[in-house]
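Only one structure is covered here, and it is reproduced in the block below.
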Amino acid sequence: MELRVIFDKKNKAAWNMALDEAILMHLEELGPTLRFYGWFPPAVSIGYFQSMEEEIDLKKASELGVDVVRRLTGGGAVYHKYELTYSIVLPPPPGKILDSYRIVEKGIVNGLKALGVDAELSGINDIVVGGKKISGNAQTRRYGGMLQHGTLLMDVDVDEMFSLLKVPQEKMKDKMIKNVKERVTSLHNLGIDIEFEELQKIMGGGFKKALNAELYEENLPDKVLSQARKLEVEKYGSRKWNFKR
Amino acid sequence: MVAESGISRGRAIIKRGKLIKIDASFREDRIEELKITGDFFLHPEEKIDELEKSLRGKSVKEIREVIERVLENAEYVGLSPDTLVEAVNQAWKRRN
């Protein structure tokens, strides 16, 4: 398989989600496409089925200048700050949707291996190192294609994360923070401090191997970028979408 | 707020690996409105709207059949007909 790869920069949340969807809409003409990106300003994304008001302390987010956005994919709220994010758009492989998550997740596992980190898949959508989560992944099928995106934590600030996220029981918050600190890790915590751009290249190699693909770098056509601009304004930047549940 | 006569509201939060929250209002024993939120996965995602829509007007006793029918060809993690039935029943029991 030939896999277009885009080494992108750190972008606004609405743009990132809009571009993921625009690429998915144009799978047929773009071919399989992998994009690495980051988030600036930092952002909290919520899963497709979550409630914005119940998951995020919006006042705090606004104070900290943190973007908020609803994803096209399910799963939980994620604080995107010190991380590398990937998105990949492919023709849907045969078989169960839930079984296909790991086809892509192996790309991250391989990339981590190249960094000397022994990681493994956990459940459907997590990647763990020594039992601690370092990557979360989520997928959707739409427009005849498959989109999977996921995170790789470069560092993590659990206290800041929980200042932004609401929890079901406020009195349990301290316990939850302690619990998450014990259950989440990052490259930094594993002693790996690496530049964002270099990490993108290494992870690209991981996906190449996992998907048995030839990577080629090619920018996205204007048509896809203008579709993304439209989605950025009309969907991912809109109250209608972000607060729809 | 003065409660409309015959209307009650209930909320349930169920954790089975993932979190499912149900906010429901009932008119007598029938579901008037229902919102399902959480960090689960459901493919295709739009099934959630179909679920909420199909459950409106149903009595608590009828929900299993509706849920099983809507989710028949869906794939899900952290959400299942059993947990949904459990959650709606919990919201029903906890209604005010």
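The values are calculated or read from the model by the stated rules, or taken from the named source; none is laboratory data. Only a predicted model underlies this, so the values are computations on that prediction, with no experimental measurement involved. Please note: Cβ atoms are built from the backbone with ideal geometry, for glycine as well, and neighbour counts cover all protein chains shown. Ligands, DNA and RNA are stripped out before the accessible areas are found, and what is left, the full protein with its side chains, is counted by its heavy atoms. Shrake-Rupley method; radii C 1.70, N 1.55, O 1.52, S 1.80 Å.
Amide H contacts for B:Asp39 (H built 1.01 Å from N in the peptide plane; partners 5 or more residues away or on another chain; cut-off under 5 Å): B:Leu19. Enumerate the amide H contacts of A:Arg70 below 5 Å, restricted to partners 5 or more residues apart or on another chain; note that Pro and chain-start residues carry no placed amide H. Excluding prolines and chain starts, which carry no amide H, the hits are A:Ile46. Across the range A:103-216, the mean sequence separation of Cα contacts (distance under 8 Å, 6 or more residues apart), normalised by length, yields a relative contact order of 36 percent. Per-residue accessible area (protein heavy atoms, 1.4 Å probe) orders B:Arg69, A:Arg70, B:Arg64 as B:Arg69, B:Arg64, A:Arg70, starting from the largest. Ranked by the mean number of other Cβ atoms within 10 Å per residue, highest first, peptides A:195-202, B:30-37 order as B:30-37, A:195-202. Interface A-B: total buried accessible area of about 1900 Å², 1.4 Å probe, protein heavy atoms only. Peptide B:29-42 has a mean of 4 when you count, residue by residue, the C-beta atoms of other protein chains within 10 Å of its C-beta.
In chain B, helices alone account for a calculated mean residue ellipticity at 222 nm of -9000 deg cm²/dmol, with every DSSP H run of four or more residues adding -39,500 (n - 2.57). Here the sum of -39500 (n - 2.57) over DSSP H runs of 4 or more residues, divided by the residues of chain A, equals -11000 deg cm²/dmol at 222 nm, to the nearest 500. For chain B, the Cβ-based charge dipole about the Cα centre amounts to some 480 debye (Lys, Arg positive; Asp, Glu negative; other atoms uncharged).
Given q = 0.17 Å⁻¹, what are the Debye log10 I(q)/I(0) values for chain A, with equal point scatterers placed on the Cα positions and solvent ignored? Evaluating at q = 0.17 Å⁻¹ gives log10 I(q)/I(0) of -1.38. Checking the cross-link filter: which lysines have an alpha carbon closer than 22 Å to that of A:Lys60, excluding same-chain neighbours under 8 positions apart? Partners found: A:Lys10, A:Lys12, A:Lys81, A:Lys166, A:Lys171, A:Lys173, A:Lys175, A:Lys178, A:Lys181, A:Lys240, A:Lys244.
Using the beta-carbon distance between B:Lys53 and B:Asn73 and R0 = 25 Å, what value does 1/(1 + (r/R0)^6) give for FRET efficiency, to the nearest 0.05? Working from the Cβ atoms, E equals 0.90. A simple spin-label model places pseudo-atoms 7 Å from Cα toward Cβ; at A:Glu182 and A:Glu53 they are separated by 3.5 nm. Rounded to the nearest 0.05, the FRET efficiency derived from the C-beta distance between A:Asn219 and B:Asn96 at R0 = 41 Å is 0.10. For chain A, modelled as a GNM whose springs connect Cα atoms under 10 angstrom apart, the maximal fluctuation among A:Asn219, A:Asn125, A:Asn11 occurs at A:Asn219. Panel note: contact residues of the range A:76-123 (accessible area lowered by at least 50 Å² against the chain on its own; 1.4 Å probe) correspond to A:Ile97, A:Leu98. Take the Cβ-Cβ distance between B:Ser80 and A:Phe40 as r, set R0 to 25 Å, and report the resulting FRET efficiency rounded to the nearest 0.05. For B:Ser80 and A:Phe40, the calculated efficiency is 0.05. Remark: relative contact order (chain A) = 29 percent; criterion is Cα-Cα distance under 8 angstrom and separation of 6 or more residues. Magnitude of the charge dipole for the protein assembly as shown, about its Cα centre and with charges confined to Cβ atoms of Lys, Arg (+1) and Asp, Glu (-1), is about 980 debye. Look at the alpha carbon pairs under 8 Å that are at least 6 residues apart: their mean separation over the length of chain B gives a relative contact order of 35 percent.
The coefficient of translational diffusion for the range A:31-135, derived via Stokes-Einstein from the alpha carbon Kirkwood radius under 37 °C and 0.692 mPa s, stands at 212 µm²/s.
What you get for the range A:109-219, charging only the Cβ of Lys and Arg (+1) and of Asp and Glu (-1), is a dipole of about 660 debye around the Cα centre.
Of all complete DSSP H helices in chain A, those with a Cα span along the helix axis of 27 Å or greater and a mean Kyte-Doolittle hydropathy of -1.0 or more are A:97-114.
A dipole drawn for chain A from +1 and -1 charges on Cβ atoms has a positive end, and of A:Phe196, A:Val224, A:Asn212 the residue lying farthest that way is A:Val224.
GNM remark for chain A: springs join alpha carbons under 10 Å apart, and the peak mean-square fluctuation among A:Met203, A:Met17, A:Met172 falls on A:Met172.
For chain A, the solvent-accessible area works out to 44 Å² per residue, with a probe of 1.4 Å and every protein chain left in place.
Can you give me the orientation-averaged projected area of the convex hull built on the Cα atoms of chain B, in nm²? Computing the convex hull of the Cα atoms and averaging its projections yields 5.7 nm².
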